[in-house]
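Colleague: Sharing a structure here in structure tokens format.
The values are calculated or read from the model by the stated rules, or taken from the named source; none is laboratory data. Because the structure is a prediction, the values reported are computed rather than measured. Because the Cβ atoms are built from the backbone with ideal geometry, glycine has one as well, and the counts that use them run over all protein chains shown.
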Amino acid sequence: MSTERRPPRPHHLYVHVPFCRLVCAYCDFVTVGGRAAEIPRYVDALLAELALRPVVGQLRTIYFGGGTPSLLPTQSIGRLIDAAASAWGGRPVESTVEANPGTRERPDWAGLRAAGVTRLSLGIQSLADVQLRALARGHTAAEALDAYRAARAAGFDNVSIDLIYGIPGQSLDDWRTTLRAAIGLAPDHLSLYGLQLVLAPDEWAAPPRPGALRWRRRMAARQDEDLAAAQYGTAEELLDRAGYRHYELSSWAVPGRESLHNAAYWSRAPYTGIGAGAHSYDGNTRSWNERDLDRYLEAVENGTLPLGGRESADEPTRAFEAMALGLRTVAGVERAAFHAEFGIDPVGRWGTELDAAERQGLLAIDDVAVRLTPRGRLLANEVLAELLPAAR
Ligand code: SF4
């Protein structure tokens, strides 16, 4: 028997912070508005949940998402990073916090740096006030620019910004203007999201809030799919010209600045999620926490894991997930790795479906990988729908 010790398995931690100053009508995340007074109690619950979780590997990345994690005091973020590092061994190589640029949600940037945060994800969404108003965002374009510059001045050398396209009333020229202004800021990373207004009736989506459904229907009626596709194509063109690498459906980065945490999701690496509604994956089973904030707090304060549900993936589901997540990446699904895991090449498994998508110009298949083409990226959901276990 070999006495050689294996290095600890890298592990990734997601920390969900559901608090928001205002809850946006288009948001599907687990969020609560107007309960900021409960943040200290929630931080204690996060630390308690972390202590209840088994140590399953060495901490590689930590990501504070929400909600609005920048509402947390920076000392609390520091306590959580320190607790995770000491429980799981080793400092994370990437610690990201999502932050909103509005003056009332903005964190103390220097304090965040001192707390051990290495990467920021700024929810700028648009650099045009008219679009920010259409989305009922609580900040202006000037505030977004100001927040970005303040974060840089505090020493953050890894900053990602989020932008939204497909906003009703946003022309191709408007989008180009926002993109050019964003490129002018020289962020390390950009995540671009098409405004998603159709409610997905699954466990990932929050139930519609009062008034939100009407707002979504009204806005959805004004959306133009062809225009959104043109906006996506424009982004690919402008960002490519500016030196950004398109590495995932919604993500562009200066080479070397890709998100390590998100890359773990796309490669189906195990991760633990703590906080209300957070999801975890151990390589086989997906589980999720209680979404309701009160029930989450109650469970943890009673010393129990706040589990909302779990699901063990059977082989067809795992194979589908490998395709669905792999195709999100521009590198695609590596055929040899897929074969090694499932005992069959993806082209052997989905011959008819992949062949049809290739003939329609949606997929490119070579000896190494199966990838979406630029046109296929626009129709990724349609390509994947054909591969669903239930569709076969
Ligand atoms: S979009 Fe962001 S700020 Fe708005 S409710 Fe959702 S998480 Fe909160």
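Colleague: Of all residues in region 272-328 being charged (D, E, K, R) and assigned to a helix (DSSP H, G or I), which is nearest to Val55 (Cα to Cα)?
Modeller: Glu301
Colleague: Any idea which of Val93, Val23 is among the β-branched types (Val, Ile, Thr), away from the ligand (no atom under 16 Å from the Cβ) and either under 25 Å from Ala142 (Cα atoms) or in contact with a helix residue (DSSP H, G or I) (Cβ under 9 Å, 6 or more places away or on another chain) (or both)?
Modeller: That would be Val93, the only listed residue that is among the β-branched types (Val, Ile, Thr), away from the ligand (no atom under 16 Å from the Cβ) and either under 25 Å from Ala142 (Cα atoms) or in contact with a helix residue (DSSP H, G or I) (Cβ under 9 Å, 6 or more places away or on another chain) (or both).
Colleague: Looking at Thr329, is it under 24 Å from the mean Cα position of the chain (by Cα), closer than 26 Å to Leu195 by Cβ and polar (S, T, N, Q)?
Modeller: Considered against the rule, which asks whether it is under 24 Å from the mean Cα position of the chain (by Cα), closer than 26 Å to Leu195 by Cβ and polar (S, T, N, Q), Thr329 comes out as yes.
Colleague: Filter region 30-61 down to the residues that are away from the ligand (no atom under 16 Å from the Cβ) and not aliphatic (A, V, I, L, M) and list them by number.
Modeller: Pro40, Arg41, Asp44, Glu49, Arg53, Pro54, Gly57, Gln58, Arg60, Thr61
Colleague: For region 62-80, what are the residues that are away from the ligand (no atom under 13 Å from the Cβ), out of contact with any His (no Cβ under 8 Å at 6 or more places or on another chain) and among the aliphatic types (A, V, I, L, M)?
Modeller: Leu72, Ile77, Leu80
Colleague: Just to be sure I understand the filter: pairs with C-beta atoms under 8 Å, separated by 6 or more residues or on different chains, first member in region 30-51 and of a type in the set (Asp, Glu), second member within 16 Å of the ligand (Cβ to nearest atom) and assigned to a helix (DSSP H, G or I). Which pairs pass?
Modeller: Glu38/Leu293
Colleague: If you don't mind, there's one more thing I want to ask. So, in region 44-60, of the ones that are touching a strand residue (DSSP E or B) at 6+ places or on another chain (Cβ under 8 Å) and assigned to a loop (DSSP other than H, G, I, E, B), which residue ends up nearest to Pro10 (Cα to Cα)?
Modeller: Across region 44-60, the extreme among qualifying residues is Gly57.
Colleague: Please list, ordered by first then second residue, the pairs with beta carbon atoms under 6 Å, 6 or more apart or interchain, first in region 237-266 and crowded, with 18+ Cβ neighbours inside 10 Å, second among the basic types (Lys, Arg).
Modeller: Every condition considered, the pairs that remain are Glu248/Arg328; Leu249/Arg328; Leu249/Arg377; Ala253/Arg245; Trp266/Arg328.
Colleague: Out of all the residues in region 363-381, is one or more part of a helix (DSSP H, G or I), surrounded by fewer than 19 Cβ atoms within 10 Å (Cβ to Cβ), free of Cβ contacts under 8 Å to residues at least 12 places away in the same chain and under 24 Å from the mean Cα position of the chain (by Cα)?
Modeller: yes
Colleague: Looking at Gly33 and the list (1) touching a strand residue (DSSP E or B) at 6+ places or on another chain (Cβ under 6 Å); (2) at pLDDT 95 or above, which single condition is not satisfied?
Modeller: Of everything listed in (1) touching a strand residue (DSSP E or B) at 6+ places or on another chain (Cβ under 6 Å); (2) at pLDDT 95 or above, Gly33 misses just condition (2).
Colleague: If you scan region 273-306, which residues turn out to be under 15 Å from Val15 (Cα atoms) and among the hydrophobic types (A, V, I, L, M, F, W, C)?
Modeller: Hits for region 273-306 are Ile274, Ala276, Ala278, Trp288, Leu293, Leu297, Val300, Leu305.
Colleague: Another question, if that's okay. Among (1) among the small types (Gly, Ala, Ser); (2) modelled with pLDDT of 95 or more; (3) surrounded by 24 or more Cβ atoms within 10 Å (Cβ to Cβ), there is one condition Ala48 misses while meeting the rest; what is its number?
Modeller: Evaluating Ala48 over (1) among the small types (Gly, Ala, Ser); (2) modelled with pLDDT of 95 or more; (3) surrounded by 24 or more Cβ atoms within 10 Å (Cβ to Cβ) leaves (3) as the failure.
Colleague: Only one of Val23, Val15, Val43 is buried (at least 24 other Cβ atoms within 10 Å of the Cβ) and either modelled with pLDDT of 95 or more or touching a Lys or Arg at 6+ places or on another chain (Cβ under 7 Å) (or both). Can you tell me which?
Modeller: Val15
Colleague: Next up: Cβ contacts < 9 Å: first residue in contact (Cβ under 8 Å) with a residue 40 or more places away in the chain, restricted to region 158-179; second residue in a strand (DSSP E or B) and of a type in the set (Lys, Arg), any location; separation 6+ or different chain. Result?
Modeller: Taking only residues 6 or more apart or on different chains, the pairs are Asn158/Arg119; Val159/Arg119; Ser160/Arg119.
Colleague: Moving to a separate point now. Of everything in region 197-236 that's surrounded by 13 or more Cβ atoms within 10 Å (Cβ to Cβ), among the small types (Gly, Ala, Ser) and not in a helix (DSSP H, G or I), which residue is modelled with the lowest pLDDT?
Modeller: Of everything passing the filter in region 197-236, Ala205 is modelled with the lowest pLDDT.
Colleague: Something else now. Failed condition for Asp108, given (1) away from the ligand (no atom under 16 Å from the Cβ); (2) closer than 19 Å to Tyr26 by Cβ; (3) at pLDDT below 95, with all others met?
Modeller: (2)
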